[in-house]
Amino acid sequence: MTKHVLITEKSEEILSSALWALSFIADSEGTQLDDKLLIGLVIQYIESNNTDFKIPAIRTIGSICAGDIEAVNKVIEAGALTSLATSLQLEKEYSILVELCWAISNISLGPPEHIDKLIKAKIIHRLIEIIFSYNDFRVV
């Protein structure tokens, strides 16, 4: 049902509610959202210009990545690093940068291969740039 809503829904309010519901489900202990199609659908909203979509999408991915290594692998395989890197590069809003950094930190908790993928996606480089250039020290 949720996949159907993410694919076909035209109402921004319903779509936003579906994304928030997924973020709450992903954040629940003992719940795993590891369906590749669903993960891929959520990832597409990370680069949205609409914060009502972007924030719950980032939180959903971050929560999934707080799970086991296999869940993180599915998120990486679904293309999340590209969307996270793009969003991290373009984003200026403090609250969204915090969410992005949190999701990335969950990915980095995995094995060295995950760190290598973050480096290759230029995410680590961008984080270092933010640390040294961002004027709002709440991010660091």
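The values are calculated or read from the model by the stated rules, or taken from the named source; none is laboratory data. Here the structure is a predicted model, which is why all the values come from computation and not from measurement. When we count neighbours, we look across all protein chains shown, and the Cβ atoms used for this are built from the backbone with ideal geometry, even at glycine.
Tallying residues that are surrounded by 14 or more Cβ atoms within 10 Å (Cβ to Cβ) and either modelled with pLDDT of 90 or more or acidic (Asp, Glu) (or both) within the stretch 4-15 yields 1. Consider the stretch 43-59 and keep the residues that are assigned to a loop (DSSP other than H, G, I, E, B) and in contact (Cβ under 8 Å) with a residue 24 or more places away in the chain. The one that is surrounded by the fewest Cβ atoms within 10 Å (Cβ to Cβ) is Asn50. Within the stretch 88-105, the residues that satisfy the criterion of being more than 10 Å from Ile123 (Cα to Cα) and of a type in the set (S, T, N, Q) are Ser95, Ser105. When you look at Ser23, is it among the small types (Gly, Ala, Ser), out of contact with any Lys or Arg (no Cβ under 9 Å at 6 or more places or on another chain), in a helix (DSSP H, G or I) and modelled with pLDDT of 80 or more, yes or no? Here the answer is no, as Ser23 does not meet what is asked. Counted as qualifying within the stretch 63-140 are the helices (runs of 4 or more DSSP H) with 2 or more residues that are closer than 19 Å to Leu38 by Cβ, in contact (Cβ under 8 Å) with a residue 12 or more places away in the chain and out of contact with any Gly (no Cβ under 8 Å at 6 or more places or on another chain), namely 69-77, 80-90.
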